[in-house]
1. Determine which single condition Pro280 fails, assuming it passes every other condition in (1) out of contact with any strand residue (DSSP E or B) (no Cβ under 6 Å at 6 or more places or on another chain); (2) closer than 15 Å to Ile377 by Cα.
2. Give the stretch 86-121 a look and list any residue that's assigned to a helix (DSSP H, G or I) and of a type in the set (Val, Ile, Thr), or say none.
3. Being exposed (fewer than 15 other Cβ atoms within 10 Å of the Cβ) and among the basic types (Lys, Arg) is the filter; apply it to the stretch 308-339 and report the residue that is farthest from Glu93 (Cα to Cα).
4. From the list Asp37, Asp109, Asp33, which one is acidic (Asp, Glu) and at pLDDT 95 or above?
5. Pick out the one residue from Phe232, Phe194 that is buried (at least 19 other Cβ atoms within 10 Å of the Cβ) and assigned to a strand (DSSP E or B).
6. Can you say whether Lys240 is in a strand (DSSP E or B) and either β-branched (Val, Ile, Thr) or more than 19 Å from Leu46 (Cα to Cα) (or both), as far as the supplied structure shows?
7. Looking only at strands (runs of 3 or more DSSP E) that lie completely in the stretch 256-307, which have at least 1 residues being at pLDDT 95 or above, crowded, with 23+ Cβ neighbours inside 10 Å and assigned by TED's automatic domain parsing to the domain that holds Ala359?
8. Looking at Lys378, Lys382, Lys348, Lys341 in this structure, which one is under 22 Å from Gly285 (Cβ atoms) and modelled with pLDDT under 95?
Amino acid sequence: MGGLKTRPHFNLLCFFTISRNPLIPGTYLPLSDNMADPRIEKLAKLIVNYSVSVKKGDMVLINAPIQSEPLALEMYRETLKAGGYALMNPVFERCGEIFYETAKDHQLDYCSPYKKFLYKNVDCLISIMADENTRSLANSDPKKMARAQAASREIFDIYMERSAKGELKWCGLPYPTQALAQEGSMSLSEYEKFVYSACLVDRKDPIAEWKKVSKSQEAMVKCLDKVKNIEFYGEDTELKMSVKGRKWINCDGKFNMPDGEVFTGPAEDSVNGRIRFTFPGIYMGKEIEDITLDFKKGKIVRAHAEKGDKLLQSLIGIDDGAKRLGEVAIGTNYGITKFTKNILFDEKLGGTIHMAIGAAYPECNAKNKSAIHWDMIKDMKKDGEIIADGHTVYKNGRWIG
């Protein structure tokens, strides 16, 4: 689930109003209200009224990269229409680059009390992904990145616990940019169609469509909730674990947009065997390719990547929880037809599974805690199989029940 499912970005927060007047070099001319793309309006309505379901009096934090201004402003408008209190947090992409270039030890280890206050008190969190440069952190020191991530552990725990209790409603979603389109090997117009189609906002009634998705996935959840032991087989993969007493979650557009997966957290000491992830893992713009993990009694005993192994070892070394699986999931969105190097889409790919090292979602009755939750994806369309309590329930990328 990934991510945040998508996970919140714990960047330095700067609170001021986005201006629609100054021209910012290298960005775009803002759309006037009567020029807004109707798909953007429909996406904002879907997120505010369905995904996080803003109610009168809700405090809503909108994390918005400046490139996402048209969508961010529609989110702001819809939040006000729903009776919520909208707090806009503009995000400058280069802050991360400057931070890892400049920050001293005490700054890398700092956990902001202001961010803690926000994550303790907001009712809804909307995080927009709109990269201008997907490789902005490609040359940042992985040890510094891991250290800063570890420092945010307390905030991440607050977010996970409040989400599990239903006290914090959240959703991560994309806004099409040239950089994201390029990563997906598409033109911007092609990528816009891809994004809005995957979010179902090209349909007459997107909310009704996501309710249909929810109903179809519920059958999988009901079956898996009864399972005690589950096994995964595929290319260079033979992995077994217990999911006894764990709850499977139906991801139907309430936490990510687009969505389409079912997931749980395995018993912490039960994972044994090997898995090789066939798609690159991407962490803050850095690619880690051909990842193989070996588990014994729930813990990673060997990890290797053909590319980016140094970063992989840094991530696993963040804390003890990063050495265990916090999530195991099945992608169900067959409308997402290609790998785009964007976890928000890629983890939902129909015919794949994904697993995350680090923090588990408490609503699954899982207990693993960590400062990290990082998803890796495996194609299951060729010779992939999932066996639940001795019965094959999934074969060659398809659920067979």
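1. (1)
2. To start, the set of residues in the stretch 86-121 that are assigned to a helix (DSSP H, G or I) comprises 94-102, 105-108, 113-121.
Passing the criteria: Ile98, Thr102.
3. Lys338
4. The unique qualifying residue is Asp109.
5. The unique qualifying residue is Phe232.
6. yes
7. Correct list: 261-264, 272-277, 286-296.
8. Step by step, each of Lys378, Lys382, Lys348, Lys341 is checked, and only Lys341 is under 22 Å from Gly285 (Cβ atoms) and modelled with pLDDT under 95.
The values are calculated or read from the model by the stated rules, or taken from the named source; none is laboratory data. Bear in mind the structure is a predicted one, so any value in this text is a computation, not a measurement. Note that we place each Cβ from the backbone using ideal geometry, even for glycine, and neighbour counts take in every protein chain shown.
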